[in-house]
Amino acid sequence: MKEKFQGIIFDIDGVLVFQERVYPGAAELLDFLREKGIAIRILSNSTLKSRKSCAEKLNSMGFNIYESETITASFATAKYLKTLNPRSCWVMLKGEGLGEFNDFNHVTENPEYIVLGDFREGFNFQNMNKTLRLLQNGAKFIVMITEIVDNSMGGVELTVGAYGKMLEEAANIEATYIGKPNKYVFEMTLKTMDIEKNKVLMVGDKITTDIVGAKKAGLRSVLVKTGEFDESDLDCDIKPDYIFDSIKDIRKLFE
Ligand SMILES: [Mg+2]
């Protein structure tokens, strides 16, 4: 079953870990791949984490991951924002992810860009209405991820994409979305690998983000039936190249 993959991109939640628990064999698999000379990247739709805090968290759980191998939605969004050379921005985000935006001019009055991440309790009546008015007055809108609900914190909660879509509709404008399944974050990740894309594998537990994004970017993909996977997810036109019960089975593709 040996395939000629030279690089592999892992989603985190539901693939390597789930709700603070490491899946058996996950850390060992990454060490095995590293020994084989396979390039490893970690691609997460987390906006709260910076790439540094993301790598630190994984390492504290027993993985051996370098900061340079991790890409979070907040890091990718900051990188994208930089290419726009913004005059000013309001980055609506909490957590370490905010540290990715240190280089920008932060304002909350008439920003050129509004950049929406997980703002936690900041998603309130006052801030949402203020954002609506700023968008109606011409502020440009970047939303870090498309997803509208999140289960990774334990219970289901509304997340970034839900607020993004609401504000887009209310202000009658269009946002730019960055995280999986959007193309930008995959292209950015590939750029750091320097490997032909048909030799790179994406591993995820969600068809709508991981597998759809991989297909759009021209990557081969593995769906693992863990984390947020539900059998009904398979009733759709998007087919991953491989479906495995758990992360451990990925090894088969490399031995
Ligand atoms: Mg996941």
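The values are calculated or read from the model by the stated rules, or taken from the named source; none is laboratory data. If you're wondering where the values come from, they're calculated on a predicted model, not measured in any experiment. Backbone-built Cβ (ideal geometry, glycine too); neighbour counts: all protein chains shown.
Selection within region 11-57: residues that are of a type in the set (Asp, Glu) and more than 16 Å from the ligand (Cβ to nearest atom). The member of this set that is surrounded by the fewest Cβ atoms within 10 Å (Cβ to Cβ) is 35. Scanning region 20-71 for residues that are in contact with a Gly (Cβ under 9 Å, 6 or more places away or on another chain) and of a type in the set (Val, Ile, Thr) gives 22, 38, 40, 47. Candidates 122, 164: the one that is touching a residue at least 40 places away in the same chain (Cβ under 8 Å) and under 30 Å from residue 20 (Cα atoms) is 164.
When region 24-83 is limited to residues that are without any contact (Cβ under 8 Å) to a residue 40 or more places away in the chain and of a type in the set (S, T, N, Q), the one that is nearest to residue 194 (Cα to Cα) turns out to be 70.
Considered as a group, the residues in region 162-221 that are crowded, with 23+ Cβ neighbours inside 10 Å and of a type in the set (D, E, K, R) include one that is nearest to residue 243 (Cα to Cα), and that residue is 205. Taking region 162-183 as the range and being modelled with pLDDT of 95 or more and in a helix (DSSP H, G or I) as the test, the residues that pass are 162, 163, 164, 165, 166, 167, 168, 169, 170, 171. Among the residues making up region 202-244, those that are under 14 Å from the mean Cα position of the chain (by Cα) and either within 11 Å of the ligand (Cβ to nearest atom) or not small (Gly, Ala, Ser) (or both) are 202, 203, 204, 205, 206, 207, 208, 209, 210, 211, 212. Would it be correct to say that residue 108 is of a type in the set (Ser, Thr, Tyr), outside the structural domain of residue 34 (by TED's automatic domain parsing) and touching a Ser or Thr at 6+ places or on another chain (Cβ under 8 Å)? No; evaluated as a whole, the condition is false for this residue. Check region 214-229 and report whether any residue there is within 22 Å of residue 35 (Cα to Cα) and of a type in the set (A, V, I, L, M). Yes, region 214-229 contains at least one residue that is within 22 Å of residue 35 (Cα to Cα) and of a type in the set (A, V, I, L, M).
Screening residue 153 with (1) in the same structural domain as residue 111 (by TED's automatic domain parsing); (2) in a helix (DSSP H, G or I); (3) among the hydrophobic types (A, V, I, L, M, F, W, C) gives one miss only, at (2).
Annotation note: of 100, 147, 109, the sole residue that is in a loop (DSSP other than H, G, I, E, B) and either in contact with a helix residue (DSSP H, G or I) (Cβ under 7 Å, 6 or more places away or on another chain) or among the hydroxyl-bearing types (Ser, Thr, Tyr) (or both) is 147. Residue 149 fulfils the conditions (1) within 15 Å of the chain's Cα centre (by Cα); (2) at pLDDT below 95; (3) within 25 Å of residue 24 (Cβ to Cβ) except for a single criterion, (3).
What are the residues in region 1-43 that are basic (Lys, Arg), under 25 Å from residue 152 (Cβ atoms) and modelled with pLDDT under 95, if any? Of everything in region 1-43, just one residue is basic (Lys, Arg), under 25 Å from residue 152 (Cβ atoms) and modelled with pLDDT under 95, namely 21. Summed over region 78-89, the residues that are surrounded by fewer than 22 Cβ atoms within 10 Å (Cβ to Cβ) and touching a His at 6+ places or on another chain (Cβ under 8 Å) give a count of 1.
Of all residues assigned to region 183-206, none qualifies as being hydroxyl-bearing (Ser, Thr, Tyr), touching a strand residue (DSSP E or B) at 6+ places or on another chain (Cβ under 8 Å) and without any contact (Cβ under 8 Å) to a residue 40 or more places away in the chain.
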